[in-house]
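The next block holds one structure in the form of structure tokens; read it before the comments.
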Amino acid sequence: MRALNYLELEGPLQRSGWGTAAAQQRKALATTDVEVLTSPLRGDTLDGTVRSLLAGEGLVADYDLAHCNAPGPASLAVARHAKRNGIPLVLHAHMTAEDFGESFRLSSEIAPLLKRYLRWFYSQADLVLCPSDYTKGILEEYPVEAPIRTITNGVDVASLAGHEDRREEYRARFDLDGMVVFALGNVFERKGLTDFCRLAETTEYDFVWFGPYDTGPQASETVRRWTQHPPENVRFTGWVEDKRGAFGAGDVYLFPTKNENQGIAVLEAMACGKAVVLRDIPVFEEFFTHGEDCLKCESRAEFQAALDRLAEDPDLRERLGEGARETAADHSLERVGRELSRVYREVTTA
């Protein structure tokens, strides 16, 4: 089988959760007998496409199934081509209107319009994939008029190998000491930015957020304020070239996010054996258990108490880290490859 696994704007989205998810899908499928294309055009590059056209081979590549990882205009063009030509179409719901809010400037105002578009877009699919039952429930309430199935985004454990070796380098680079509280990923208010900084103001621990943040007109006022005027014990690193350095430098992964569809970075922190502190939101009920592989909190007071417990009790950090590794192992890329391969075959033979 030849499957198109497509992520439009792949370059700009490489540093996003969507980019990570698509890359992990392709790596997982490499262990199966599915041949993966990443571009709907023949030749992959502009030069290659022109040569194919000149040779009379056509513009669009041949594939048995189309799997799109974004809801943009190029993916819509792929979806329309698939529907016209009887090619099975899988659309991956990495985005909902609910998790778009509080991300960029005006994103909360745009979210209601986005919901209407996503309901229509996802309904074009022969099958919609999403990473959690929580997200599935949201899409069913829209309602999306297509079958919906859940499949974990997984975690690429091999990409994290050697994170311990980078600990001293990254702690020295960002002047970190003691028990380091950290986050990883794009800096958004939706991901709990204000709570992250307010917690830092009430403690003496070093806090560091590894990941890019917007400085242009699309940046929210909240992101501008905190990144330009952070508390004394908070560092915003911007993009780091090696995520292993972040997981090596940090001790407690703090993620007071308000809305997620799964949380790839959480699984990565767990795969590294880090103690994880999460906001107690519905999506995390599916995957993580308080006191076994993480601590869950509802208020800033609870978050502060959890951090203090972990600072005072290294054995608790170690125990939670071991439980976290076991949880992450349930989300292996081998599992993703098996499930994606099975889904592709079911959709193409339906």
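Looking for something in the same structural domain as Y205 (by the TED database), touching a Cys at 6+ places or on another chain (Cβ under 9 Å) and assigned to a helix (DSSP H, G or I) - is there at least one such residue anywhere in the range 134-144?
There is no residue in the range 134-144 that is in the same structural domain as Y205 (by the TED database), touching a Cys at 6+ places or on another chain (Cβ under 9 Å) and assigned to a helix (DSSP H, G or I).
Might you check whether a residue that is in the same structural domain as G185 (by the TED database), touching a helix residue (DSSP H, G or I) at 6+ places or on another chain (Cβ under 8 Å) and not in a helix (DSSP H, G or I) occurs anywhere in the range 296-310?
Yes, some residue in the range 296-310 is in the same structural domain as G185 (by the TED database), touching a helix residue (DSSP H, G or I) at 6+ places or on another chain (Cβ under 8 Å) and not in a helix (DSSP H, G or I).
Can you tell me which residue is surrounded by the most Cβ atoms within 10 Å (Cβ to Cβ) among those in the range 1-17 that are under 17 Å from the mean Cα position of the chain (by Cα) and charged (D, E, K, R)?
It comes out as E8.
Taking H163 and the conditions (1) open to solvent by 10 Å² or more (accessible area, probe 1.4 Å); (2) under 19 Å from E346 (Cβ atoms), which numbered condition does it fall short on, given that it satisfies the others?
The one condition H163 does not meet is (2).
So, restricting to helices (runs of 4 or more DSSP H) that lie completely within the range 243-294, which ones have at least 3 residues that are closer than 24 Å to D165 by Cα and touching a residue at least 12 places away in the same chain (Cβ under 8 Å)?
The helices (runs of 4 or more DSSP H) meeting that bar are 243-249, 264-271.
Which one of these is surrounded by 14 or more Cβ atoms within 10 Å (Cβ to Cβ), at pLDDT below 80, among the basic types (K, R) and farther than 22 Å from I138 by Cα: R51, R26, R105, R42?
Only one candidate qualifies: R105.
Being surrounded by fewer than 22 Cβ atoms within 10 Å (Cβ to Cβ), of a type in the set (D, E, K, R) and out of contact with any helix residue (DSSP H, G or I) (no Cβ under 9 Å at 6 or more places or on another chain): is that true of R171 here?
On the way: surrounded by fewer than 22 Cβ atoms within 10 Å (Cβ to Cβ): yes; of a type in the set (D, E, K, R): yes; out of contact with any helix residue (DSSP H, G or I) (no Cβ under 9 Å at 6 or more places or on another chain): no.
Taking the combined requirement at face value, the residue does not satisfy it.
Within the range 198-216, track down each residue that is over 22 Å from S16 (Cβ atoms) and more than 22 Å from the chain's Cα centre (by Cα).
R198, L199, A200, E201, T202, T203, E204, Y205, D206
Would you confirm, using the coordinates I've provided, whether T257 is surrounded by fewer than 22 Cβ atoms within 10 Å (Cβ to Cβ) and in contact with a strand residue (DSSP E or B) (Cβ under 8 Å, 6 or more places away or on another chain)?
Working: surrounded by fewer than 22 Cβ atoms within 10 Å (Cβ to Cβ): no; in contact with a strand residue (DSSP E or B) (Cβ under 8 Å, 6 or more places away or on another chain): yes.
No.
I'd like the residue in the range 260-297 that is within 15 Å of D195 (Cα to Cα) and in contact with a Phe, Trp or Tyr (Cβ under 8 Å, 6 or more places away or on another chain) and, out of all such residues, is surrounded by the fewest Cβ atoms within 10 Å (Cβ to Cβ).
Across the range 260-297, the extreme among qualifying residues is K296.
G162: farther than 28 Å from P112 by Cα and of a type in the set (G, A, S), yes or no?
The answer is yes for G162.
What are the pairs with Cβ atoms under 9 angstrom where one residue, in the range 147-158, is open to solvent by less than 70 Å² (accessible area, probe 1.4 Å) and the other, located anywhere, is at pLDDT below 95? Sequence gap at least six, or different chains.
Pairs that qualify, where the first residue is open to solvent by less than 70 Å² (accessible area, probe 1.4 Å) and the partner is at pLDDT below 95, are N153/G17.
Can you list residue pairs whose Cβ atoms sit under 7 Å apart, with the first residue in the range 66-82 being under 19 Å from N261 (Cα atoms) and the second being among the acidic types (D, E) and open to solvent by less than 30 Å² (accessible area, probe 1.4 Å)? Count only pairs 6 or more apart in sequence or on different chains.
A70/E8; G72/E8
Out of W239, W209, W226, I need the residue that is more than 13 Å from V181 (Cα to Cα), of a type in the set (F, W, Y), touching a strand residue (DSSP E or B) at 6+ places or on another chain (Cβ under 9 Å) and open to solvent by less than 20 Å² (accessible area, probe 1.4 Å). Which one?
W226 is the lone residue from the list that is more than 13 Å from V181 (Cα to Cα), of a type in the set (F, W, Y), touching a strand residue (DSSP E or B) at 6+ places or on another chain (Cβ under 9 Å) and open to solvent by less than 20 Å² (accessible area, probe 1.4 Å).
Checking S341 against (1) of a type outside the set (D, E); (2) free of Cβ contacts under 8 Å to residues at least 60 places away in the same chain; (3) part of a helix (DSSP H, G or I), which single condition isn't satisfied?
The number of the failed condition is (2).
The values are calculated or read from the model by the stated rules, or taken from the named source; none is laboratory data. Fair warning: this is a prediction, and the values are worked out from it, not measured in the lab. FYI the Cβ positions are ideal-geometry reconstructions off the backbone, even for glycines, and counts take in every protein chain you see. Just so you know, the surface numbers come from the protein's heavy atoms only, side chains and all, with ligands and any DNA or RNA stripped out. Shrake-Rupley method; radii C 1.70, N 1.55, O 1.52, S 1.80 Å.
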